[in-house]
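Worksheet for the structure shown next.
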């Protein structure tokens with residue numbers, strides 16, 4: 001007897017994240033050892049920008065998930081951002097105001113990362129329609145030394161020098177005057 | 001004594017006459033009447049033009065997958081007057097080490113004063129021009145004597161651009177026979193680097209596909225950088241990011257350029273005894289690039 005094997009044909013459909021023409025630009029940061037570095041002065045606010053773009057035909061609703069354990073970002077971000085079609089270049093700037101406390105040691109480094117996701121999809125299950133999909137970017141805030149303001153110091157030194165010169169000249173004048181009075185002064189001789 | 005005086009007077013008179021005769025002879029050669037004719041030749045040297053000022057350019061934010069027009073304004077000066085500048089030669093080139101130079105397509109003379117012209121030049125930058133704070137501006141113009149003025153002291157910054165697109169969002173197998181392996185999907189996905197960054201990570205997160213209680217595990221799906229594969233694909237793990245670049249045929253978007261793409265092919269090993277039907281993944285698969 002001949003064995004007959006039965007085959008079943010199935011259809012499989014996998015949905016990948018929706019096709020979109022979207023992405024984002026961001027402030028240029030130099031790289032050191034492969035890490036993006038944002039150098040800031042302690043106590044001074046520095047701005048970092050994210051510029052979402054949408055070259056598709058439908059609006060995109062995105063959200064920015066910030067991972068900032070040291071609370072360096074001072075401003076609150078919106079719950080979501082609506083990126084209209086044909087949003088290009090720097091037409092939609094999102095600002096991060098970054099600051100570290102005054103007195104933070106120079107060279108101290110703080111990581112900040114952000115993820116750009118769709119605000120419409122189910123992120124938990126990975127439905128992300130913003131491209132790059134679930135894109136995460138990390139940069140490091142590094143504290144630089146405060147630039148010393150030497151001008152005040154120069155002013156003080158200048159004033160001291162001028163005072164010294166004035167005192168010295170005054171002293172000379174007074175000394176000469178008293179000498180003159182001693183040697184060439186007129187004396188009344190009463191008889 | 002009187003004789004001596006006469007002698008002196010006579011000799012002085014003779015001397016004056018001699019002088020007058022000489023002058024009259026000389027003037028007879030060059031002049032007629034009171035007007036003298038002559039040729040005076042005066043040659044003025046050309047003054048080389050200069051480019052004393054190039055306007056600053058704020059950080060350039062490129063647009064994903066396309067070009068971006070940059071405008072650079074510069075002043076050109078010429079002591080011989082602005083008309084001595086050859087306006088048609090005005091040009092701006094944007095340059096960076098290791099990058100293709102971007103040269104202006106057009107420069108417009110937007111203002112002319114006595115000795116100066118203000119040019120406004122437009123330059124197209126590409127989405128893949130590298131980010132950096134060391135882009136230079138080289139502004140030049142010639143004068144009518146073909147002397148060139150140049151100023152390349154100004155620099156500007158190009159921002160980072162992350163822009164990755166995929167061509168399709170759905171992968172389908174219109175018919176798969178159960179109990180067969182390495183079934184290639186009907187279509188692939190092409191991801192394109194439309195920005196100026198390089199990426200080291202290309203992760204795929206897959207999920208089980210189900211139909212009426214029947215499951216095709218994520219572990220049955222695999223990816224490869226080539227079509228027609230029957231070995232060495234990279235297999236998925238349910239709800240777990242898998243490094244696709246572990247596959248020798250998948251490099252990822254490790255560079256940026258005019259056409260940097262990665263094509264991903266999908267395969268499935270279909271288990272035996274599956275119900276007929278359309279199997280759909282539990283969650284959308286995720287491609288992560290970083």
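Here are a few things to note about the model shown:
- Residue mean of other protein chain beta carbons inside 10 Å, B:209-220: 1
- Other protein chain C-beta atoms within 10 Å of residue C-beta, averaged over B:151-163: 4.
- Highest average first, the peptides A:77-89, B:155-167 ordered by how many other beta carbon atoms sit within 10 Å of their residues are B:155-167, A:77-89.
- Over 16 Å [Cα-Cα, region B:130-236], rounded percent: 75 percent
- The equivalent ellipsoid that matches the C-alpha gyration tensor of region B:164-289 spans semi-axes of 27, 14, 13 angstrom, in descending order.
- Peptide-level mean, for B:177-190, of C-beta atoms on other protein chains within 10 Å: 2
- Global dimensions of region B:41-156 from alpha-carbon coordinates: Rg and Dmax equal 15.5, 63 Å.
- Alpha-carbon gyration tensor eigenvalues x 5, square-rooted, for region A:22-143, Å: 28, 14, 13
- Using C-alpha pairs below 8 Å separated by at least 6 residues, the relative contact order for region B:164-289 is 38 percent.
- Calculated FRET efficiency for the pair residue B:230/residue B:155, C-beta based, R₀ 51 Å, to 0.05: 0.40
- Extension gain (nm, one decimal) between residue B:109 and residue B:282, 0.36 nm per residue minus Cα-Cα: 56.1 nm
Read the figures in this text as sums done on the coordinates, not as results from a lab. Computed from a prediction, not measured in an experiment: that's the story for all the values here. Glycine also receives a Cβ, built like all others from the backbone with ideal geometry; neighbour counts cover every protein chain displayed.
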